[in-house]
Amino acid sequence: MEIQVAQSQDVTVVVPTGDLDMGAADQVRRVLTELIDKGQLKLVMDLGGVGYIDSSGLGTLVAAMKQARAAGGNLKLCALQDDVRSIFEMTRLIKVMSVHATRQEAVASWG
Amino acid sequence: MRDGGPEGTFVLTSEPQHLARLRDWLRGELTRLKVENQEQFGLQVAVGEICSNSIRHAYAGLGGKPIHVSVQGNENRLVIEVRDFGKKFDPEAYRPPDFEAVPEGGIGLHLVRQFVDELSYDVTQEQGTRWTLVKYRRRE
């Protein structure tokens, strides 16, 4: 999986491309954990390039969200493709994670 | 990993990196059986979750272990079997996800059940678990 990290003002935007499955979950976990450990706690993950996610991918995002929140930040999501969004709805994570339609909206939500 | 075997059967080994090739193969089989795209996605998730369980639990994360996946279908239903040869599935050890607590794990089988009409398992073989997923086909 290709993962790009960009800075938008004081918000860190993580942009993975590919399938967020069990095979990619560790890589994503390492990237997010490293950012949080460095104190980059305003995180947005742009999932526009992710067409598939499984329970390992979900678990990785939930763990990072909890880690960021515990440190005073958050991991927000944006640009979910329809199939990926359906997985968040089935697992009810859509209600507990901060999900935005676009990257701009997600970044702006940090105020 | 190899994808030999009879038509409608795929054999992968238990490295998570092989799940993408499994999905590619499954997409081809489901297309051949004229399954619509939305349903294909759900079945890819369901089969992927069962194989992930085999990797994580039956084989405890060890690579190089076989997992067999087969697909059969007719105008009424699709039957997908996933077979591993590791530690047998133990329903007593399974804890359904607690959605009130924002689960990080345990949601794989929950997802499988969202996408198939029947899910069963057979642990009567000498080794491993045979999972059977059934999806009834909608009539136009």
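State the number of residues belonging to segment B:97-119 that are assigned to a loop (DSSP other than H, G, I, E, B), without any contact (Cβ under 8 Å) to a residue 24 or more places away in the chain and in contact with a helix residue (DSSP H, G or I) (Cβ under 9 Å, 6 or more places away or on another chain). Here the count works out to 7. Being more than 14 Å from chain B (Cβ to nearest Cβ), modelled with pLDDT of 95 or more and closer than 27 Å to B:Asp98 by Cβ holds for only one residue in A:Arg30, A:Arg69, A:Arg85, A:Arg103, and it is A:Arg30. Residues that are surrounded by fewer than 17 Cβ atoms within 10 Å (Cβ to Cβ) and of a type in the set (A, V, I, L, M) within segment A:63-95 comprise A:Ala70, A:Ala71, A:Ile94, listed in sequence order.
Screening the candidates A:Val44, A:Val62, A:Val50 for the property of being assigned to a strand (DSSP E or B), within 14 Å of another protein chain (Cβ to nearest Cβ), among the aliphatic types (A, V, I, L, M) and in contact (Cβ under 8 Å) with a residue 24 or more places away in the chain yields one hit, A:Val50. Tell me which residues, restricted to segment A:96-105, are buried (at least 16 other Cβ atoms within 10 Å of the Cβ) and more than 18 Å from A:Ala63 (Cα to Cα). Within segment A:96-105, A:His100, A:Arg103 qualify.
Residues checked against (1) surrounded by fewer than 19 Cβ atoms within 10 Å (Cβ to Cβ); (2) touching a residue at least 60 places away in the same chain (Cβ under 8 Å); (3) part of a loop (DSSP other than H, G, I, E, B); (4) of a type in the set (D, E, K, R):
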{"position": "B:Leu62", "(1), (2), (3), (4)": "yes, no, yes, no"}
{"position": "B:Val69", "(1), (2), (3), (4)": "no, yes, no, no"}
{"position": "B:Leu78", "(1), (2), (3), (4)": "no, no, no, no"}
{"position": "B:Arg95", "(1), (2), (3), (4)": "yes, no, yes, yes"}
{"position": "B:Tyr121", "(1), (2), (3), (4)": "yes, no, no, no"}
{"position": "B:Gln125", "(1), (2), (3), (4)": "yes, no, yes, no"}
{"position": "B:Leu133", "(1), (2), (3), (4)": "no, yes, no, no"}
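When B:Gly28 is tested against (1) assigned to a helix (DSSP H, G or I); (2) out of contact with any Asp or Glu (no Cβ under 9 Å at 6 or more places or on another chain); (3) within 12 Å of chain A (Cβ to nearest Cβ), only condition (3) is not met.
Results for (1) modelled with pLDDT under 95; (2) more than 14 Å from chain A (Cβ to nearest Cβ), shown as yes or no for each residue.
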residue: B:His18; (1), (2): no, no
residue: B:Arg32; (1), (2): yes, yes
residue: B:Ala46; (1), (2): no, no
residue: B:Pro66; (1), (2): no, yes
residue: B:Val79; (1), (2): no, yes
residue: B:Arg83; (1), (2): no, yes
residue: B:Lys87; (1), (2): no, yes
residue: B:Pro97; (1), (2): yes, no
residue: B:Pro103; (1), (2): yes, no
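The values are calculated or read from the model by the stated rules, or taken from the named source; none is laboratory data. Owing to the predicted nature of the structure, the values given are computational and were not obtained by experimental measurement. Every residue, glycine among them, receives a Cβ derived from its backbone with ideal geometry; neighbour counts consider all protein chains shown.
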